[in-house]
Amino acid sequence: LTFVLVCTIFQVLMAKEWEGGQPKNGIGIVLLMAAVAVVAGLGASGNPARAFGPAVAAQEWAGHWALWAGPVCGGGAAALMNEYVFAAPMGGRKPFSR
């Protein structure tokens, strides 16, 4: 979930022009699709902090590390993929340099 969202944000911010609509529309569509497919379909949480409160109340920590490691690894993988896969065809231009 985090991987797809971060990839989308990087690509939206790197796009030079948009054919109608605003850049935020692309991010919103991905968030909607993720909420419908992943959160509603699998019962996953898009926010690890939201799972922290129930874990504290129930004192149940089995597998809780995955709720924190998953988004960190997904965001890091998306950043690396953006830097070395998507930004490479740009002639070495850094994604957010002007």
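Every number here is computed from the coordinates shown, using simple stated rules; none is lab data. On a predicted model such as this, the values are computed, not experimentally measured, just so you know.
Would you kindly state how much longer the chain becomes between ALA66 and VAL85 on full extension, computed as 0.36 nm times their sequence separation minus their alpha carbon distance, in nm to one decimal?
Result for the pair: 4.2 nm of gain on full extension.
Using a ≥ b ≥ c from the Cα gyration tensor of segment 28-87 (square roots of the eigenvalues), is it rounded, prolate or oblate, where a/c under 1.5 gives rounded and otherwise the larger of a/b and b/c decides, a/b for prolate?
Oblate is the answer for segment 28-87, as a/c is 1.5 or above yet b/c matches or exceeds a/b.
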